[in-house]
Structures are given as structure tokens and as C-alpha cells.
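J.: Let me give you the structure first, and then I'll get to my questions.
The values are calculated or read from the model by the stated rules, or taken from the named source; none is laboratory data. No experiment lies behind these values; they were computed from the predicted model shown. We work out accessible area using only protein heavy atoms, side chains counted, and drop any ligands, DNA or RNA first. Shrake-Rupley method; radii C 1.70, N 1.55, O 1.52, S 1.80 Å.
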Amino acid sequence: MKDKHIIDVLDNTSIASLSESELSEVQTHARECVSCREAYEAARLTGVVLQSRAQTKIEPSPFFQTRVMAAWREQQAVESVPAMLRLWKSARALVSSMAVTTAALAALTFMLPAQTAPLTDQTASMLSEESVIMGSDDQVSYEQVLSTIYEDDDEAR
Amino acid sequence: MDLARQAQAGDESAFAEIVRRYSPRVFSVASRFFRQRSLVEEAAQEVFLKAFTQLGSFEGRGSIEGWLTRIATNTCLNMIRGAKRRPELTVSDLTDDEAQWLDQHSGGDGREQPSVENSVVATDLADRVLSVLSPEDQQTLLMIDGEDASIREVAEATGWSESKVKVRAFRARKKVREAMAKLLNRGDK
């Protein structure tokens, strides 16, 4: 390893996992090679800080289990409600407002007096003689209607 | 397995027992990713609630602990991905304590252990150099170089192949070493 740079060795494995003989070879080379010395130093300190970081562990607090169980119960309660009921709970406001609007529109339509527009001349002319006679309250047959119309025509002649 | 089955059937005491028994393990995994207690607890709670909804997929081939470790790893990775990325490593941000720590520890022997009083500074420095890595690479390097975990253990915890873990570890080690070299050479610039 004396003539071979050690950078690949440093990137392949942590210094902590090198055997005594491997470490000794790496250190010997690092003493003689400036660029490898810098790399070795950086790798060594990286190993030290990473081990320190790995030792930083947070333990569960005594209340953690209680907190998780409370969240679990809440989740269970939500899931136990039937889907249709959950849908109703979320859509209740929308459905209620729609019902109120519909009722208000119905009240306006039926309760207020209807305004009938007078027939215009054009509309009146569209009504045929037949429909006037047929639409009357008297019970008349179609033959009577025809005879009434043609009698009037004959009288006019 | 019995505990898992009972919890799946809605047995509250079985689920409570799972939480009690495995929360130290889940906290240990979450501590790799977060240093704030509130974040570690938030992650751990999410892990257990997620585990409960996924109990049906636990077939009992592996251990509950291994299964929870994987859920914890993925949950924490997702939380970190969603969080704001840390700013790029800059030498000028180095605190006096950190600079002093680096000066004191340069030129030591090969397998030095940080003293307890300096461990907070060393941990801050670790976070600083780790910030150049993706969350996945951070986790890989912390497990292998920090906790002396094997390639196989990392593969099991993450669900990656062993060759993928090796490649990630190599790449991460190189990046972090370069970041540390940058901090060590700060006086030369």
C-alpha cells in the first residue's frame, strides 16, 4: 500500500472497521503522502462525529404510550362510524342549505299572487276559431263546430 | 405474531403492548433523522398508527421489530423529504466551539472517541457535514459508520438491495469526507 493512494480504501469502509494491520498501513501511507494525509484526517474526524451523532438517541417519554393510545382510539372511533353517516356529517350543511333554498323558492312561487299578462293582439290572432269553440265550457261535438263555422261563412256570403 | 393478530382484531391491550415494547426501537430509528424530541415523537406516533392500519399486511415472516423498523425508516424519510432542505454547507457558519473542536481533534490517533462534554459539538458537526447528503444517504452512513451496522442490516431496514446500500455508502462517505476536508482547510482560504 506504500505506493498506492489510500483514498479508495477510505471511501470503501469506515476507519473504525479497519483491522489493526490495515489501519497501520493507512497511517504509514498518510504520513508520507500529503493529499492522502488530508483525506485520512477528514475521514477519521468524520468517523468520530458520526459515532457521536449515532449515540444521540431520544428515549420515549412516559406519556408516549398514552398519547399513541389516545390517537389510536380517536382513529378507531372515526373508522367505526358507517360510511353513509360520515358522508352525511360532512355534507349536512350543504344539503340543509339546499333544502332551505328550495323551500323558499316554492313559497315564492305558490304564495305570491300570480301576475297574468294581458293577451297581445298577435297572440289573440293565433287562436283559431276552432280552438275558441272547442275551448268553451259547452259540450260540443266536432260536427257542431264545423257547422257553426260554415254557417257563419254562408251568412257572410 | 400473536400480538400482531390480536391487535389486528381490535384488541387494545395487544396494541398497547406493541407500542410499549417497540417504542424504544422506533425512537432509535427516528433519532437518526431528527434531534428535536417533538419531531421524534411525532414520527414515532405516526409509525405506530400506520403500523396498526397495515397490520393486515404483516404476514409474520419476519419479526415485528424488523417490520416496524422499515415502517419507521420510510415514515422518517417521507417526513424529511417534505421538510425544507437545509442550506448548503458553508465554512463561515462554523461556530467557535465547532472550530475549536476541529482544531483540538485534528492529528489524533485513528480511533478516537469524543468526550461526553464535547459530544454536543461533535453531533452538531456531524449534522453539518451530513447536510450535504440526501436523507437516504445520511441514514445509510449513520447506520454503517455511526452504529456499525452491516450492509445487510441497512438493506433490511430500508428494503434496498445490498449492492445499492454499498454504492450509497461509498458515495456518501466520499461526499462527507470532502465536506469535512473543506471545514478542516478553512484556515487555508
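J.: Residues of the range A:51-69 that become at least 50 Å² less accessible with every protein chain present than in their own chain isolated, using 1.4 Å: which are they?
T.: A:Gln51, A:Ser52, A:Arg53, A:Lys57, A:Ile58, A:Pro60, A:Phe64, A:Gln65, A:Arg67, A:Val68, A:Met69
J.: Relative contact order, percent, of chain B when contacts are C-alpha pairs under 8 Å separated by at least 6 residues?
T.: 20 percent
J.: Then there is this: Compute the Rg to Rh ratio over the range B:27-87 from the alpha carbon atoms, using the Kirkwood formula for Rh, and round to two decimal places. Please list the in-between numbers first.
T.: Numbers: Rg = 12.3 Å, Rh = 12.1 Å.
Ratio of gyration radius to Kirkwood radius for the range B:27-87: 1.01.
J.: With a bin width of 10 angstrom, please list the P(r) values of the range A:1-67 as percents of all Cα-Cα pairs, from the 0 bin to the one holding the largest distance.
T.: Calculated over all Cα pairs of the range A:1-67, the distribution is 19, 41, 16, 10, 9, 5, 0 percent.
J.: Radius of gyration and Dmax for the range B:120-189's Cα atoms, expressed in Å?
T.: 13.0, 43
J.: With springs only between Cα atoms under 10 Å apart, run a GNM on chain B and tell me which of B:Ala43, B:Ala72, B:Ala122 wobbles the most.
T.: Maximum among the listed residues: B:Ala122.
J.: Continuing with this model, one more query. Keeping to pairs on different chains or 8 or more places apart, tell me how many lysine pairs in chain B have Cα atoms under 22 Å apart.
T.: Details: B:Lys84/B:Lys175; B:Lys164/B:Lys174; B:Lys164/B:Lys175; B:Lys166/B:Lys174; B:Lys166/B:Lys175; B:Lys174/B:Lys182; B:Lys174/B:Lys189; B:Lys175/B:Lys189.
Close lysine pairs found across chain B: 8.
J.: Restricting to Cα pairs below 8 Å that are 6+ residues apart, what does the relative contact order work out to for the range B:1-104? Please round to a whole percent. Write down the numbers at each step before the final one.
T.: Values: 65 pairs, mean separation 29.5, N = 104.
That works out to 28 percent.
J.: Calculate the all-directions average of the projected area of the range A:26-65's alpha-carbon convex hull, and give it in nm².
T.: Details: hull surface 13.9 nm².
Average projection, Cα convex hull of the range A:26-65: 3.5 nm².
J.: Compute and list, largest first, the equivalent-ellipsoid semi-axes of chain B from the alpha carbon gyration tensor, each √(5λ) rounded to a whole angstrom. Mind dumping the intermediate values first?
T.: Details: eigenvalues 264, 57, 43 Å².
Over the Cα atoms of chain B, the ellipsoid semi-axes are 36, 17, 15 Å.
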